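Since the structure comes first, as structure tokens, the remarks are kept for the end.
The values are calculated or read from the model by the stated rules, or taken from the named source; none is laboratory data. Bear in mind that the values here come from a model prediction, so they are computed numbers and not experimental data. Note that we place each Cβ from the backbone using ideal geometry, even for glycine, and neighbour counts take in every protein chain shown. Note: areas computed on protein heavy atoms with side chains; ligands, DNA, RNA excluded. Shrake-Rupley method; radii C 1.70, N 1.55, O 1.52, S 1.80 Å.
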Amino acid sequence: MSKPDSPKTEPKYDDTFSGSIIELTTSKITVSRSILGKPAEKRAFLINSDTRIEGKLHVKLKVTIGFVTSDDGDVARLIVVRQKPPDKK
């Protein structure tokens, strides 16, 4: 019988947020999204050793973040890059 927390399973998270990266550090990612007819929404997520990152993070890339809300703020559990970086000409 396999353990439920094997590395192949997706990390547990409560909610998701998708948008473009506007700020990125080793411990925090800030993402902005625009919804037609509403003001742009900006949210910051903490990145820790439990955060799984799929893809290479760069400012201006589109990502989807699965996160949990803790006493310290929103903690990213899964970050998935949704677009490839633009080709340099």
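Within the stretch 23-68, the set of residues being more than 16 Å from Pro11 (Cβ to Cβ) and assigned to a strand (DSSP E or B) comprises Glu23, Leu24, Lys28, Thr30, Val31, Ser32, Arg33, Glu41, Lys42, Arg43, Ala44, Lys62. Select from the stretch 58-78 the residues that are over 20 Å from Ser34 (Cβ atoms) and open to solvent by 20 Å² or more (accessible area, probe 1.4 Å) and write down the one among them that is nearest to the chain's Cα centre (by Cα). My answer is Arg77.
May I ask you to list the residues in the stretch 7-22 that are of a type outside the set (D, E, K, R) and in a loop (DSSP other than H, G, I, E, B)? Spell out how you get there, then give the answer.
Step one: filter the stretch 7-22 for residues of a type outside the set (D, E, K, R), giving 7, 9, 11, 13, 16-22.
Across the stretch 7-22, the qualifying residues are Pro7, Thr9, Pro11, Tyr13.
The residue pairs whose first member lies in the stretch 50-70 and is under 8 Å from Val80 (Cα atoms), whose second member is among the basic types (Lys, Arg) and part of a strand (DSSP E or B), and whose beta carbons are closer than 9 Å, counting only pairs six or more residues apart or on different chains, are Ile65/Arg43; Ile65/Arg77.
The residue of the stretch 16-39 that is surrounded by the fewest Cβ atoms within 10 Å (Cβ to Cβ), among those that are of a type in the set (Gly, Ala, Ser) and modelled with pLDDT of 95 or more, is Ser27.
Looking at the structure I just gave you, is Ile29 free of Cβ contacts under 8 Å to residues at least 12 places away in the same chain and on the phi < 0 side of the Ramachandran plot?
It is false that Ile29 is free of Cβ contacts under 8 Å to residues at least 12 places away in the same chain and on the phi < 0 side of the Ramachandran plot.
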